[in-house]
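The values are calculated or read from the model by the stated rules, or taken from the named source; none is laboratory data. Note that this is a predicted model, so its numbers are computed, not measured. Don't worry about glycine lacking a Cβ; one is built from the backbone with ideal geometry, like all the others, and counts go over all protein chains shown. The accessibility values were calculated without ligands, DNA or RNA, using every heavy atom of the protein model including side chains. Shrake-Rupley method; radii C 1.70, N 1.55, O 1.52, S 1.80 Å.
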Amino acid sequence: EAMSRLLAASVSDEVVHGHRLIDLPGTAGRLANALSRDLVDALASSDRLYLQYQPQVSIEERRVFGVEALLRWEHEVYGLIPPSVTVALAEDLQIVDRLGEHVLRLACRQRAAWGKSVADDLIVSVNISPRQLQDADFDLKVLRILAETGLEPSLVELEITESTSLAPATQAIGALLRLRNAGVRIALDDFGMGHTSLHYLRELPLDTVKIDRSLTFTSQGDLNEHVIRSIVALSRTLGLRAVVEGIEQPEQLPRFIDLGCARFQGYLFSRPLESGPCLDYIRANAGAA
Ligand code: C2E
Ligand code: MG
Ligand code: MG
Ligand code: MG
């Protein structure tokens with residue numbers, strides 16, 4: 001139990017974002033080292049690394065139009081490890097490419113397995129770590145997994161984050177362009193967090209902008225409201241789909257709907273689900289036939 005408390009402390013966001021986990025001193029450092037070994041094992045055997053899927057809904061169409069795949073690591077001792085921790089560890093261990101491929105393969109297989117039980121155009125979104133984009137073969141790896149799973153490229157959306165330091169990495173933008181030309185969709189995740197600027201919206205070959213949960217707490221006339229207005233207007237001008245993330249309360253909806261947002265993802269509709277329950281949710285919310 002002391003160990004779990006320690007883990008909870010060592011994996012707090014502050015620690016994850018402020019330090020490299022494996023550089024932590026003392027007990028926390030040893031714990032992180034042990035976790036690192038376990039992650040390598042988990043990736044090798046892979047049954048403890050799995051995905052949950054969170055429905056994304058279109059209010060207008062009254063249906064689930066996509067699902068976001070979210071990484072889960074069920075540790076034998078510590079229980080569920082948050083994906084931010086798993087990904088940070090994998091980055092430190094330089095195995096994030098393999099982890100990312102594992103995630104993408106699982107997501108594509110799941111979407112392929114659902115096949116005709118869901119709408120033909122149901123999208124599966126997959127989070128891509130900034131580090132993965134630095135891999136010179138990133139686009140080839142994605143295309144290989146699509147070929148291997150036989151999935152239509154347009155059914156996959158890659159979620160990249162603003163914190164991605166793409167500025168020098170024209171190579172990363174090139175990879176995204178090639179993928180998009182192959183039909184893969186690209187989403188800018190957590191938009192409005194404040195990492196970067198609106199120029200991302202122009203520089204990147206995007207289909208979707210995901211409006212960060214931090215912007216969903218608005219009261220009439222506050223700054224967030226103005227920021228959301230601008231993002232929505234801009235995404236419309238650029239022909240991008242806007243998805244609002246992290247909606248929990250019904251009261252949060254009307255303002256977005258007034259602004260013309262019709263696509264949402266959040267606990268209000270559904271938490272992330274195992275594939276079986278997610279399929280049930282999708283079929284129960286499939287819109288007009
Ligand atoms: P994200 O991509 O922005 O994913 C949305 C996160 O918000 C998920 O947390 C989801 O469970 C949570 N969420 C959704 N609706 C609500 C809501 O109404 N209220 C609240 N409070 N939270 C909500 P999760 O699964 O813990 O993932 C956290 C982050 O970890 C993700 O943020 C993403 O950045 C990263 N992540 C998750 N899976 C992967 C993965 O496979 N690869 C990579 N590279 N990163 C991943
Ligand atoms: Mg995401
Ligand atoms: Mg997000
Ligand atoms: Mg977020």
Computed [θ] at 222 nm, deg cm²/dmol, the chain (DSSP H ≥ 4; -39,500 (n - 2.57); rounded to nearest 500) = -13500 deg cm²/dmol
ask   = Percent relative contact order of the chain, based on C-alpha pairs within less than 8 angstrom and at least six residues apart?
value = 19 percent
inquiry  = If you roll a 1.4 angstrom probe over the protein chains with everything in place, what fraction of the accessible area of the chain belongs to carbon and sulfur, to the nearest %?
reply    = 51 percent
request  = Give, as a single signed number, the net charge of other residues whose beta carbon lies under 9 Å from the beta carbon of Asn285, with Lys and Arg counted +1 and Asp and Glu -1.
outcome  = +3
key: Top positive-direction residue, dipole computed over the chain with Cβ charges, set Val77, Tyr281, Val40   = Tyr281
message = How many angstrom lie between the Cα centre of the stretch 46-78 and the Cα centre of the stretch 94-145?
response = 13 Å
inquiry  = Using amide H atoms built in the peptide plane, which far-off residues or other-chain residues are under 5 Å from Leu122 H to H?
reply    = none
message = Please give the charge dipole size of the stretch 67-188, origin at the Cα centre, charges +1 on K and R Cβ atoms and -1 on D and E Cβ atoms. Round to the nearest 20 debye.
response = 280 debye
note = Any DSSP H helix in the chain with Cα axial reach of 24 Å or more and mean Kyte-Doolittle score of at least -1.0? Listed by number, the hits are 26-45, 96-114
task = Taking the Cα centre of the chain as origin, sum charge times position over the Cβ atoms of Lys and Arg (+1) and Asp and Glu (-1), and report the length of that vector in debye to the nearest 20.
result = 500 debye
